[in-house]
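Just so it is clear, none of the values below were taken in a lab; they were calculated from the coordinates. Remember, it's a predicted structure, so these values are computed and weren't measured experimentally. Cβ: placed from backbone, ideal geometry, glycine included. Neighbour counts: every protein chain shown.
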Amino acid sequence: ILNVEQSPQSLHVQEGDSTNFTCSFPSSNFYALHWYRWETAKSPEALFVMTLNGDEKKKGRISATLNTKEGYSYLYIKGSQPEDSATYLCASPRNSGNTPLVFGKGTRLSVIA
Amino acid sequence: EAGVTQFPSHSVIEKGQTVTLRCDPISGHDNLYWYRRVMGKEIKFLLHFVKESKQDESGMPNNRFLAERTGGTYSTLKVQPAELEDSGVYFCASSQQGLVGYTFGSGTRLTVV
């Protein structure tokens, strides 16, 4: 059974602070790791898809790293802004191909102006 | 390109009533998925269609849930009769065969009272 864990569950930071959170997954039978940004009543927005050990990806002030050998991924936000407030979800597919995703519970980020 | 569209965005029904949710995937996406997020918990997989065929329905909670995708285009998810524990946000996602990446709709928030 594939379990995806995220920590912390919620996070409050001041505007301008940098922050990071973790996604953990089994290191065996790994296929890919997806990060999404989700605001209530909106579609989860795809941030990154990562597949290779050591992958690092960046999108503006947000970046992510992947360690498949130890089973974790970090998401970093540099210089947090109020508009970064959202729930950040990570997910991993059960198998290769277009198989369904298994999600973590998410990290709810609140950036205080 | 139009995204994944879900209708309605909100639905409030009484216990014992029937509700039908609709998802229109991105045109050309053979894969269509239904997920559900109950408050405070992770997004959980319900069902996967490939074109009009049910590829995996292992996540469907019980026989009160019926999903269809006639003609391999849009899909419906019917809950009959609805129970209180069915409340949550129902997401639909679609993906193109052979490509990594899933596009989500904005969800239907179902409240059963």
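(1) surrounded by 15 or more Cβ atoms within 10 Å (Cβ to Cβ); (2) under 13 Å from the mean Cα position of the chain (by Cα): which one isn't true of A:D55, the others all being true? Result: A:D55 passes all but (2).
For B:L99, the test of being under 25 Å from A:G97 (Cβ atoms) and more than 14 Å from every other protein chain (Cβ to nearest Cβ) is failed.
Here B:Y74 meets the list (1) of a type outside the set (G, A, S); (2) surrounded by 14 or more Cβ atoms within 10 Å (Cβ to Cβ); (3) closer than 24 Å to A:W35 by Cα; (4) more than 10 Å from the chain's Cα centre (by Cα) almost entirely, failing just condition (3).
Filtered by the rule that a residue be surrounded by 18 or more Cβ atoms within 10 Å (Cβ to Cβ) and either within 10 Å of the chain's Cα centre (by Cα) or within 11 Å of chain B (Cβ to nearest Cβ) (or both), the range A:88-98 gives A:Y88, A:L89, A:C90, A:A91, A:P93, A:N98. So for the range B:47-59 (the condition being among the aromatic types (F, W, Y) and within 14 Å of chain A (Cβ to nearest Cβ)), does at least one residue qualify? So far as the range B:47-59 goes, yes, one or more of its residues are among the aromatic types (F, W, Y) and within 14 Å of chain A (Cβ to nearest Cβ).
Kindly indicate whether A:T65 is facing chain B (nearest Cβ under 9 Å) and over 25 Å from B:Q96 (Cα atoms). When the stated conditions are applied, A:T65 does not pass them.
Figure legend. Inter-residue proximity from the range A:19-47: first residues closer than 20 Å to A:I77 by Cα, second residues among the acidic types (D, E) and surrounded by fewer than 17 Cβ atoms within 10 Å (Cβ to Cβ), beta-carbon distance below 6 Å, spacing 6+ or different chains. Indicated pairs: A:S24/A:E5; A:R37/A:E45. The residues listed here are B:R36, B:R109; of these, the one that is assigned to a strand (DSSP E or B) and more than 8 Å from chain A (Cβ to nearest Cβ) is B:R36.
Checked against the criterion of being hydroxyl-bearing (S, T, Y), within 19 Å of B:E42 (Cβ to Cβ) and either out of contact with any Cys (no Cβ under 6 Å at 6 or more places or on another chain) or within 14 Å of chain B (Cβ to nearest Cβ) (or both), the candidates A:Y36, A:Y76 yield just one match: A:Y36. Out of the residues in the range A:99-112 that are more than 11 Å from A:V13 (Cβ to Cβ) and of a type outside the set (V, I, T), state the one that is farthest from the other protein chains (Cβ to nearest Cβ). Checked the range A:99-112; the qualifying residue farthest from the other protein chains (Cβ to nearest Cβ) is A:R108.
Restricted to the range B:77-93, and to residues there that are in contact (Cβ under 8 Å) with a residue 60 or more places away in the chain and closer than 19 Å to B:E42 by Cα, the residue that is surrounded by the fewest Cβ atoms within 10 Å (Cβ to Cβ) is B:L84.
So B:V4 passes all but one of these: (1) without any contact (Cβ under 8 Å) to a residue 60 or more places away in the chain; (2) closer than 11 Å to B:Y74 by Cβ. Which condition number does it fail? Of everything listed in (1) without any contact (Cβ under 8 Å) to a residue 60 or more places away in the chain; (2) closer than 11 Å to B:Y74 by Cβ, B:V4 misses just condition (1).
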